[in-house]
Amino acid sequence: MQKFNTLKSIPAYLPIVNIDTDMIIPKQFLKTIKRTGLGKNLFFEMRYDDNGKEINDFVLNQEPFNNSKILIAGNNFGCGSSREHAPWALLDFGITCVISSSYADIFYSNCFKNGILPIILEEEKIKELSEYANRKEEIAVDLNDQKIIYGNNEIKFEIDPFKKKCLLEGLDDIALSLKKSDKIQNFENQLKDKRPWVFND
Amino acid sequence: MSTTLYDKIWNDHLVDQQEDGTALLFVDRHLIHEVTSPQAFEGLRNSNRKVRHPNLTLAVADHNVPTTDRTKGISDEESKIQVDTLESNCKEFGVQLFGMDDKRQGIVHIIGPEQGFTQPGTVIVCGDSHTATHGAFGSLAFGIGTSEVEHVLATQTLVQKKAKNFRINVNGTLPLGVTSKDVILQIIGKIGTAGGTGCVVEYAGDLIRSLSVEQRMTICNMTIEGGARAGLIAPDEKIFEYLNGKPMSPKGENWEKALEYWKSLKTDADASFDKEINLNANEILPMITWGTSPQDVITIDGKVPNPQNEKDEDKKNSIERALKYMGLTPDMAATDIKIDKVFIGSCTNGRIEDLREAAKILKDKKISSHVDAIVVPGSGLVKEQAEQEGLDKIFVNSGFEWREPGCSMCLAMNADKLKPEERCASTSNRNFEGRQGRGGRTHLVSPGMAAAAAISGNLDDVRKYQN
């Protein structure tokens with residue numbers, strides 16, 4: 001997994017609440033058996049018209065937002081389906097940081113598995129940051145210090161320390177858990193005594 | 001210390017817990033399907049890892065499968081590759097698969113309970129957000145992403161943080177024609193689509209206890225639409241009776257041991273919850289959704305909202321956007337909404353009791369001439385049961401098409417989809433923009449309400465059709 005440390009970008013602002021994963025990547029693109037190549041279909045329905053032509057009004061079709069690495073959006077971002085294709089599509093487009101006042105649980109945890117930092121801020125602060133998108137000015141994100149730097153200001157944000165460590169170091173979850181193989185084996189041995197039916201034997 | 005049902009299941013599955021609270025949780029049951037698993041198997045292959053417990057894993061193709069004549073195979077090339085990939089992955093890693101020609105094939109959340117793979121007190125996961133369905137059996141069941149699918153395949157565990165406890169009590173009795181679908185739509189309308197974020201919901205109260213096993217599944221299924229990853233109900237005699245004798249249920253001595261454990265699975269009387277709400281079942285009416293989020297609910301005797309009455313600017317914009325997409329005018333009556341299609345099926349309402357409920361309304365009636373309607377049974381076994389009861393004939397005689405099992409028009413990954421601006425009364429779980437096809441307009445309803453809409457040609461009150 002790609003490490004996340006610091007990031008500087010003009011943010012793109014999508015002022016819609018409850019952006020669901022069907023909006024982020026519609027189902028016709030879930031037929032892939034790969035993780036890559038989904039960026040061109042990110043926000044497909046909002047981004048292209050019936051003839052497949054880019055809709056000029058949509059923010060990610062406009063300069064400089066077509067190169068934004070930071071997306072600011074309304075609350076409950078990523079609700080709906082568990083499809084990891086949603087963070088894959090964001091990542092493939094080049095977005096590695098999302099800022100919203102809240103996220104759906106599954107989407108939130110999927111982000112961390114893909115090197116994407118989802119930042120939670122109060123609505124008020126989001127409005128403040130969105131001004132930078134409107135003015136096409138850069139903001140910077142520093143994960144280590146847990147802060148966003150904009151103009152002469154800074155905002156701190158909260159993040160789970162373990163998730164932070166995994167992002168900073170680009171750690172592979174499975175390798176970490178496999179280091180606990182002995183504990184898993186012990187648990188399974190006890191389970192065979194306590195709830196033998198679980199193993200379908 | 002007093003604990004909740006969720007606490008108990010959590011504690012019984014803790015393999016390890018770090019100081020920061022990050023836990024490694026044992027997974028008893030892992031369901032997989034063709035859409036969210038290929039990249040996970042690919043990951044295993046690239047790292048030279050195996051599936052730790054193939055016999056705790058069950059696979060089925062459901063999202064992409066055609067619901068019409070299957071002897072021709074899958075015509076869509078990409079869908080076919082995905083289904084074939086699942087088959088070859090299952091073979092390579094030794095995982096049991098119900099193939100497209102197996103009569104046990106069906107929607108992953110319908111076949112788990114049917115086979116007795118779903119059991120009380122287990123941790124069940126699947127790369128699908130509607131995994132919450134299995135919580136009806138008193139299991140901790142939730143949807144995961146593909147990276148987590150790979151993690152479970154490799155380790156039979158999952159990295160998790162404990163969620164909050166949220167109890168929703170529903171007491172009283174439901175009026176005639178009102179179903180568990182209306183209950184869950186009412187709940188989502190009340191708490192909102194983010195109301196349960198960060199929580200595991202326990203449904204309790206005498207109404208919940210009075211529901212059948214299948215009706216409970218409908219409620220737990222849509223928990224995710226209220227933002228909570230899992231929803232569960234304490235198991236009782238109805239659950240034990242349902243599971244007794246199912247192919248994958250415990251047998252003999254194991255059954256007795258399991259039963260003893262399952263009976264202990266309930267929230268202590270004085271356990272505390274982080275959040276709690278109460279609903280009166282007597283006051284719940286048949287519901288519909290009018291907008292593009294499952295929280296956009298009104299009663300069938302209600303009116304579509306008017307954005308002018310909304311003071312909050314974000315909410316006002318959101319209503320305007322939804323009305324525009326849905327092609328509705330403010331303040332119009334729900335029963336004035338004319339529909340083009342009806343879809344009965346999905347992991348929410350594709351079980352035998354759902355089909356019986358719709359068939360009861362449709363018996364000896366014809367659907368409106370401008371309506372196209374399909375029934376997609378949730379599994380091959382549901383289909384077989386329905387045919388034995390003659391339900392297929394009732395549907396076909398009324399003008400419905402009787403299809404093969406799968407996810408179908410719930411998410412329109414196969415050929416079943418709405419055209420732009422087509423309007424559908426659907427028993428599924430999501431009315432998002434484009435969910436049932438680009439530009440398609442979805443109104444979520446119960447199976448009885450879907451049948452009533454098919455007959456009337458408009459969204460209609462199922463209570464008019466009750467004998």
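No value in this document is a laboratory result; all are computed from the given coordinates. Treat the numbers as computed from the prediction; the structure is a model and nothing was measured. As a convention, Cβ positions derive from the backbone with ideal geometry for all residues, glycine included, and neighbour counts pool all protein chains shown.
For B:Lys80, a cut-off of 17 angstrom between C-alpha atoms picks up these aspartates and glutamates, skipping any fewer than 8 places away in its own chain: B:Glu34, B:Asp62, B:Asp69, B:Asp101, B:Asp102, B:Glu404, B:Asp416. Exceedance of the 26 Å cut-off in Cα-Cα distance is limited, within the set A:Lys69/B:Lys275; B:Lys366/B:Lys417; B:Lys103/B:Lys246; A:Lys31/B:Lys393; A:Lys136/A:Lys156; A:Lys40/A:Lys69, to A:Lys69/B:Lys275; A:Lys31/B:Lys393. Antiparallel beta bridges, as assigned by DSSP with both residues in chain A, represent about 50 percent of the total such bridges.
With contacts taken as Cα pairs under 8 Å and at least 6 residues apart, chain B reaches a relative contact order of 17 percent.
Rounded if a/c is under 1.5, else prolate if a/b beats b/c, else oblate: with a ≥ b ≥ c from the C-alpha gyration tensor eigenvalues square-rooted, which is region B:8-69? Judged from the Cα gyration tensor, region B:8-69 comes out prolate (a/c at least 1.5, a/b above b/c). Annotation note: trypsin sites (Lys or Arg not before Pro) in region B:55-130 located in DSSP loop regions with a Cβ neighbour count of at most 12 within 10 Å are B:Lys103.
For region B:11-68, the set of GluC sites (Glu not before Pro) satisfying both a DSSP loop assignment and a count of at most 14 other C-beta atoms within 10 Å is given as B:Glu19.
Taking beta carbons within 10 Å but only from partner chains, what does the mean come to for residues A:22-29?
Working: counts 7, 5, 0, 0, 9, 13, 8, 1.
Mean shielding count: 5.
When Rg is the radius of gyration of the Cα atoms in region B:24-136 and Rh is its Kirkwood radius, what does Rg/Rh come to? Value, to two decimals: 0.96.
Could you check what % of the DSSP bridge pairs in chain B are antiparallel, to the nearest 5? Here the antiparallel bridges make up roughly 25 percent for chain B. For region B:240-336, the list of trypsin sites (Lys or Arg not before Pro) that fall in a loop by DSSP and count at most 15 other C-beta atoms within 10 angstrom reads B:Lys251, B:Lys311.
Within a straight-line Cα-Cα reach of under 16 Å, A:Lys165 can be paired with the following aspartates and glutamates, leaving aside sequence neighbours fewer than 8 residues apart in one chain: A:Asp142, A:Asp145, A:Asp173, B:Glu19, B:Asp20. In chain B, the calculated helix contribution to ellipticity at 222 nm averages -9500 deg cm²/dmol per residue, counting -39,500 (n - 2.57) for every DSSP H run with n ≥ 4. Under 12 Å from the Cα of B:Lys50, which aspartates and glutamates turn up, not counting those fewer than eight places away in the same chain? Counting by Cα, and skipping residues close in sequence, B:Lys50 has these aspartates and glutamates nearby: B:Glu42, B:Glu92, B:Glu150. The C-alpha radius of gyration of region B:371-467, expressed as a fraction of 2.2 N^0.38 Å, stands at 1.07.
Projecting label points 7 angstrom from Cα along Cα→Cβ for B:Asn282 and A:Glu122 puts them 4.3 nm apart. Here the 3J(HN,Hα) profile of region B:92-108, calculated from phi with Karplus coefficients 6.51, -1.76 and 1.60 at θ = phi - 60°, is 4, 9, x, 9, 5, 10, 8, x, 4, 9, 7, 6, 7, 5, x, 5, 3 Hz, Gly and Pro shown as x.
Between B:Leu279 and residues 5 or more places away or on another chain, which pairs have amide H atoms under 5 Å apart, with H built 1.01 Å from N, and which residues are they? Under 5 Å from the amide H of B:Leu279 lie the amide H atoms of B:Asn169, B:Val170, B:Asn171, each far enough along the sequence or on another chain. For the pair region B:58-132 / region B:326-387, the C-alpha centres are spaced 24 Å from each other.
Taking the convex hull of the alpha carbon positions in region A:1-103 and averaging its projected area over all directions gives 6.8 nm². Look at the stretch A:101-110: the mean tally of other chain Cβ atoms within 10 Å of its residues' Cβ atoms is 6. Give the shape of the protein assembly as shown as rounded, prolate or oblate, defined through the alpha-carbon gyration tensor: a ≥ b ≥ c are the square roots of its eigenvalues, a/c under 1.5 means rounded, and otherwise the shape is prolate if a/b is larger than b/c and oblate if not. Note, shape of the protein assembly as shown comes out rounded. Ranked for footprinting exposure by Cβ neighbours inside 10 Å, fewest first, B:Ile9, B:Ile32 give B:Ile9, B:Ile32. Each 5 Å bin from 0 upward holds the following percent of the Cα-Cα pairs of region B:106-212: 2, 10, 17, 23, 21, 15, 8, 3, 1, 0.
Cα centroid separation, region B:1-48 to region B:229-277: 19 Å.
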